[in-house]
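Data first, discussion second: the structure below is written as structure tokens.
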Amino acid sequence: MADHNAMYREKLKTPEQVAQQVESGWVFGMDAAPTQTEAIMKAVAERIRATDIRDVKVHTMLDAYPFDFYADNSLFGKMSGVSWFSSGGARKAVNGGYADLVPGYYRDFPGVIRRMYDYDAYCVAVSPMDSHGYFSLATTSSYSEAMIAKAKRIFVEVNEKQPRCLCGTQLHVSQVDAIVENTHDMPVLPPVVIDETSRIIGGLIAEQIPDGACIQLGIGAIPDATGMALKTKHDLGIHTEMFTDSMVELLECGAVNNSKKQIHRGKTVTTFAYGSQRIYDYIDDNPAFEILPVDYVNDPNVICQNDNMISINAALEVDLFGQVCAESVGTKHMSGSGGQVDYVRGACQSKGGKSFIAFASTAKGGTISKIKNTLAPGAIVTTSKNDVDYIVTEYGIAHLRGETLSSRARQLIAIAHPDFRDELTFEAKKRGMLV
Ligand code: COA
């Protein structure tokens, strides 16, 4: 039997030794958030700054660290980021013209990677090696397996504080080219501040969710507020893209027990987890927790297999057709599509399922209505008028799926902020929408 410990020792390197291997034109790949490798990327950036190495690209998604290749635009051309989501530093770099973006549905990313991309190195932060020689990819499965399949080299950063996910992607020490030890506190997201508007919206959605439903909550204050409003429910299940703090709360208070799910009964299913330390403590060695690849977890044909599937996501604006923009303010990028459409479709195909897109009725201190006659010029349509189901603001709920244009316009105007309803009615009439 191979001696895993000997193999481990043989592959152990410093971040600087790993960075020494990098050549011009290399493409790195990393998966989402807490499995990204901070020390290796720092060492690579330092080496690139000090040499004439050029054209190094790093593919990332939902970044957990302020990486130099997004934060330092003087590196552009030498080391640049390619984001598969565009948030935080990546958002700024994409809008600033010194990083690029791959648009797409999250569920499609593993397939796109397998068909179109090759990586010189895949980098991942892992939990310590187990007695069989395996590293757990801890908090993220997402598109890791696809990147592993398309990578010439695999560099791991072992962090003793990474939780070990029993039912998730694993890497064997024999597959790995270099190991860096870098134990540090897990990256955490700042706690979400739930304001009164989010609380009202969360309460409205919670009224629509029956006991025994299976839920997905997206990013932001409103999905979180909805989670908190579900604490009095019973027998809920979780099948989601991102595992968040409010879900730990629901599991710990007993509102979620996954007992009524049709698939993965008794288990919480996600493709990555990111939030507070409480999340990482919850995942660690937990046999009732599964972190699985996104082409499975976010496949609408999988999502819909759970009855009463309820998805809750945020948006930036919606027009009177019901087209939802969740990615840009005009042409300015704010986010990727993520799994919004995957879950809208999955929930709508599920027996008893519903999909909610929710947001405060106004932005910028009440000066801008998020319900608009037309989307802002250049705005990205995330969820189409054909996929949209329920829209929610603090003024109520509009059901658009299957409804006529006239019904859509009337319902949307009724849940717009009162200050904007006359103007929206005038525009809708002018367009002949209110028949
Ligand atoms: N016009 C102009 N500005 C607007 C606006 C509008 N219609 N709507 C929002 N904004 C501004 C806000 O004022 C805020 O500005 P600030 O940063 O200066 O305060 C900013 O845009 C962000 O708005 P906010 O309402 O706080 O959004 P959020 O941070 O809760 O994120 C999404 C909302 C839509 C970007 C986010 O949910 C997302 O990433 N969605 C797409 C992916 C997805 O749904 N994934 C689901 C599975 S996880």
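The values are calculated or read from the model by the stated rules, or taken from the named source; none is laboratory data. Note that this is a predicted model, so its numbers are computed, not measured. Heads up, the Cβs are rebuilt from the backbone with ideal geometry, glycines too, and the neighbour counts pull from every protein chain shown. Just the protein is used for accessible areas: all its heavy atoms, side chains included, with ligands, DNA and RNA removed. Shrake-Rupley method; radii C 1.70, N 1.55, O 1.52, S 1.80 Å.
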The answer for the longest stretch of the chain without any exposed GluC sites (Glu not before Pro) (DSSP loop, at most 14 further Cβ atoms within 10 Å) is 208-435
Computed over segment 196-430, protein heavy atoms only, probe 1.4 angstrom, the accessible area per residue in square angstrom equals 36
To the nearest 10 degrees, how steeply does helix 38-50 sit against the main Cα axis of the chain, on a 0 to 90 scale? 70
Amide H of CYS214: which non-local residues (sequence gap of 5 or more, or other chain) have their own amide H closer than 5 Å, using H built in the peptide plane? GLY237, MET309, ILE310
Using a 1.4 Å probe over the heavy atoms of the protein chains, calculate the carbon and sulfur portion of the accessible area of the chain as a whole percent. 51
Between segment 143-205 and segment 380-435, the Cα center-to-center distance that results, in Å: 38
Under 5 Å from the placed amide H of VAL56, counting only residues 5+ away or on other chains, we find GLY25, MET79, SER80
Accessible-area value, SER74, 1.4 Å probe, nucleic acids and ligands omitted, Å²: 90
Give the calculated FRET efficiency between ALA50 and ASP211 to the nearest 0.05, with a Förster radius of 45 Å applied to their Cβ-Cβ distance. 0.15
Hey, if we sort TYR117, TYR395 by accessible area with the 1.4 Å probe, largest down, what's the order? TYR395, TYR117
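For segment 146-246, what is the charge dipole size about the Cα centre, in debye to the nearest 20, if Lys and Arg each add +1 at the Cβ and Asp and Glu each add -1 at the Cβ?
380
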For the chain, take the longest principal axis of its alpha carbons; what is the angle in degrees between that and the long axis of helix 196-206, to the nearest 10 within 0 to 90? 80
Rounded if a/c is under 1.5, else prolate if a/b beats b/c, else oblate: with a ≥ b ≥ c from the C-alpha gyration tensor eigenvalues square-rooted, which is segment 87-147? prolate
Length released on extending from GLN277 to LEU434, taking residue separation times 0.36 nm less the Cα-Cα span: 51.5 nm
Please work out how much accessible surface ASP3 shows to a 1.4 Å probe, ignoring ligands, DNA and RNA, in Å² rounded to 10. 90
Using DSSP, restrict attention to beta bridges with both residues in segment 4-181 and report what percent are antiparallel, rounded to the nearest 5. 10
Filter the cross-link list LYS11/LYS57; LYS385/LYS429; LYS42/LYS150; LYS161/LYS261; LYS261/LYS354 down to pairs whose alpha-carbon distance in this structure exceeds 21 Å. LYS11/LYS57; LYS42/LYS150; LYS161/LYS261
For the chain, set up a Gaussian network in which alpha carbons nearer than 10 Å are linked by springs, and say which option among GLY227, GLY203, GLY218 fluctuates the most. GLY203
What accessible area, in Å² to the nearest ten, does a 1.4 Å probe give for LYS354? 50
Mind ranking LYS364, LYS78, LYS385 by accessible surface for me, highest first, 1.4 Å probe? LYS364, LYS385, LYS78
Asserting the computed 222 nm helical MRE of the chain (DSSP H runs at least 4 long, -39500 (n - 2.57) per run, divided by residue count, to nearest 500) equals -8000 deg cm²/dmol
Dipole of the chain (Lys/Arg Cβ +1, Asp/Glu Cβ -1, origin at the Cα centre): which of ALA360, LEU292, ALA2 lies farthest to the positive side? ALA360
Cα-derived Rg over Rh, computed across segment 196-430 with Rh taken as Kirkwood radius: 0.98
